[in-house]
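The values are calculated or read from the model by the stated rules, or taken from the named source; none is laboratory data. Please read these numbers as outputs of a predicted model, since none were measured by experiment. Virtual Cβ from ideal backbone geometry, glycine too; neighbours counted across all protein chains shown.
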Amino acid sequence: GGSPIGEDLLSRAIDLMDCDFLQIYGSSETGNFAVCLPPADHVPGSPRLRAAGRPYPGIEVRIEDPEGRVLPTGEVGEVCVRTPARMLGYWRLPEATERTVVEGWVHMGDAGYLDEDGYLYVRDRVNDMIIVAGENVYPKEIEDALARHPAVSGAAVVGLPHERWGESVHARVVLEPGQQAGARDLHLFLRGRLADFKMPTSYDFVDALPRNPSGKVLRRAVRDELAAAKS
């Protein structure tokens, strides 16, 4: 609960528990739910394991660009939800309410796309997107790839300022107890799994990642720590 599940962890859970899974995507602003991926779509090896699901009856989902234009199928933009269960507004925060709810559509702050069957795929938080030489890079894709390495317990991927490329990809990694792996090991592991421009160009290794009370990794805290260390 509280954040997307990695595809590798989900597959392990299905194998271990031998039961049906479903998952729900939404937020407090949308009444806590918006779309659902039912058990029939939780098939190991299916590309739909990467989907958040399809909208519930009575709920609409669309994808918008930064100017508010609706994007076609397959294009990544901000996920927007229209539902009768949406919030009325943030308490005594009218400006925040106006930014979040526009003409009845709740702007989720997540980047994602819809496929031809109406399934929603969430890529990452809009504010966590990294732009490398004009190319959009979503940290979760890299974190999921790193998590498939047997020595990796968890990872947080962030963008760092780069004079030539605008930003570069940095990975902060937590290793499994008793396991060893260095930057070169992980780089070789990721080759062929990620496009070249998505490959981390730097790593650091820590004992734990910063998290909020619900367990979400705080990428902003990682960026702040790295910026402070550089200064």
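Quick notes on this one:
- Unique residue being in contact (Cβ under 8 Å) with a residue 24 or more places away in the chain, more than 16 Å from the chain's Cα centre (by Cα) and surrounded by 15 or more Cβ atoms within 10 Å (Cβ to Cβ) when the list is Ser202, Ser168: Ser168
- Count of the range 87-111 residues, restricted to those that are surrounded by 12 or more Cβ atoms within 10 Å (Cβ to Cβ), over 25 Å from Tyr121 (Cβ atoms) and either in contact with a helix residue (DSSP H, G or I) (Cβ under 9 Å, 6 or more places away or on another chain) or not assigned by TED's automatic domain parsing to the domain that holds Ser27 (or both), is 2.
- Filtered by the rule that a residue be within 15 Å of Ala145 (Cα to Cα), among the basic types (Lys, Arg) and not in a helix (DSSP H, G or I), the range 182-231 gives Arg191, Arg193.
- Any chance Leu146 is modelled with pLDDT of 95 or more and either hydroxyl-bearing (Ser, Thr, Tyr) or not in a loop (DSSP other than H, G, I, E, B) (or both): yes
- Residue match in the range 57-75 (condition: closer than 24 Å to Val217 by Cα and out of contact with any Leu (no Cβ under 7 Å at 6 or more places or on another chain)): no
- Number of residues in the range 106-132 that are closer than 17 Å to Ala96 by Cα and within 16 Å of the chain's Cα centre (by Cα) equals 6.
- Just one of the listed residues (Glu95, Glu29) is touching a Lys or Arg at 6+ places or on another chain (Cβ under 7 Å) and in a helix (DSSP H, G or I), namely Glu29.
- Test: residue in the range 2-17 that is of a type in the set (A, V, I, L, M) and part of a strand (DSSP E or B): no
- Condition check for Arg184: at pLDDT below 95, out of contact with any helix residue (DSSP H, G or I) (no Cβ under 6 Å at 6 or more places or on another chain) and loosely packed, with under 14 Cβ neighbours inside 10 Å: no
- Residues being among the hydrophobic types (A, V, I, L, M, F, W, C), more than 21 Å from Lys140 (Cβ to Cβ) and surrounded by 19 or more Cβ atoms within 10 Å (Cβ to Cβ) - total across the range 47-86: 1
- Any chance Ala151 is within 16 Å of Phe205 (Cα to Cα), without any contact (Cβ under 8 Å) to a residue 60 or more places away in the chain and assigned by TED's automatic domain parsing to the domain that holds Pro210: yes
- In the range 9-49, the residues that are of a type in the set (D, E, K, R) and over 15 Å from Val79 (Cβ atoms): Arg12, Asp15, Asp18, Asp20, Asp41, Arg48
- Scoring Gln179 on the criteria (1) out of contact with any Leu (no Cβ under 9 Å at 6 or more places or on another chain); (2) farther than 22 Å from Ile131 by Cα; (3) in a helix (DSSP H, G or I) leaves a single failure, condition (3).
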